[in-house]
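S.K.: Can you read through this structure? Questions will come right after.
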Amino acid sequence: MDDRVRSFLMEKVADEPYARHLGLRLVAMDTGYALVEMVFDETKQNVFGLAHGGAVFSLIDEAFEIASNSHGIMAVALNMNVTYMASPRLGATLRAEATEVHRTMRTASYQIRVTDDEGTLIALCQALVYRKKDKAFAATSSPMAKEEVAAGEGALST
């Protein structure tokens with residue numbers, strides 16, 4: 001993964017108010033990959049005391065966002081299909097692992113798995129992004145980056 005993209009994304013995640021509010025932590029990232037953690041606490045419970053689907057979805061979305069933008073081209077969600085398998089126990093650390101499955105110049109598909117600290121599958125997501133080749137970031141001021149974007153390669157792809 002290009003170091004400029006890594007630095008850019010690390011900075012953006014650290015400054016993201018919603019991620020901080022939920023206690024999301026970026027644990028690892030690479031090209032087409034991200035691992036994000038969150039502790040399931042009482043602030044993330046639904047009316048039945050189980051994990052709120054929106055909290056789990058937010059964890060999934062954060063991992064998806066980082067993995068899909070790891071090529072240095074802005075990627076925006078087109079579709080996310082989530083299946084919830086189980087509710088974690090209170091206090092469990094949840095891990096969302098996003099992996100790129102397929103990528104073209106314009107779209108990319110990702111699988112995101114959420115597990116708890118005991119390895120139980122909590123949720124599974126299949127997600128699709130649209131890649132905005134005219135919206136490269138982090139190093140777009142260089143002539144080389146602009147040429148790579150024009151060729152559909154991504155400003156900082158490896």
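We did not get these values from a lab; they are worked out from the coordinates using the rules stated. None of these values were measured; they are calculated from a predicted model. Cβ atoms come from the backbone with ideal geometry, glycine included; neighbour counts cover every protein chain shown.
S.K.: Using r as the Cβ-Cβ distance of Thr107 and Asp41, and R0 as 41 Å, what FRET efficiency do you calculate, to the nearest 0.05?
M.R.: For R0 = 41 Å, the calculated efficiency reads 0.70.
S.K.: Applying the Karplus parametrisation 6.51 cos²θ - 1.76 cosθ + 1.60 with θ = phi - 60° to the phi angles of segment 113-122, what ³J(HN,Hα) value in whole Hz is obtained for each residue in order, glycine and proline being reported as x?
M.R.: For segment 113-122, the Karplus-derived couplings read 10, 10, 10, 9, 6, 9, x, 6, 6, 9 Hz, x marking Gly and Pro.
S.K.: Once amide H atoms are built 1.01 Å from N in the peptide plane, which residues 5 or more positions from Ala92, or in another chain, come under 5 Å H to H?
M.R.: Phe40
S.K.: Each residue of segment 36-47 in turn: what ³J(HN,Hα) in whole Hz from Karplus with 6.51, -1.76, 1.60 and θ = phi - 60°, glycine and Pro shown as x?
M.R.: Taking θ as phi minus 60°, the curve returns 10, 10, 7, 8, 7, 10, 4, 6, 10, 8, 8, 5 Hz for segment 36-47.
S.K.: Here are some pairs, Lys12/Lys132; Lys44/Lys133; Lys12/Lys133; which of them have Cα atoms lying more than 27 Å apart in this structure?
M.R.: Values: Lys12/Lys132 18 Å; Lys44/Lys133 36 Å; Lys12/Lys133 20 Å.
Beyond 27 Å: Lys44/Lys133.
S.K.: Remind me, relative contact order of the chain in percent, using alpha carbon pairs under 8 angstrom and six or more residues apart?
M.R.: 24
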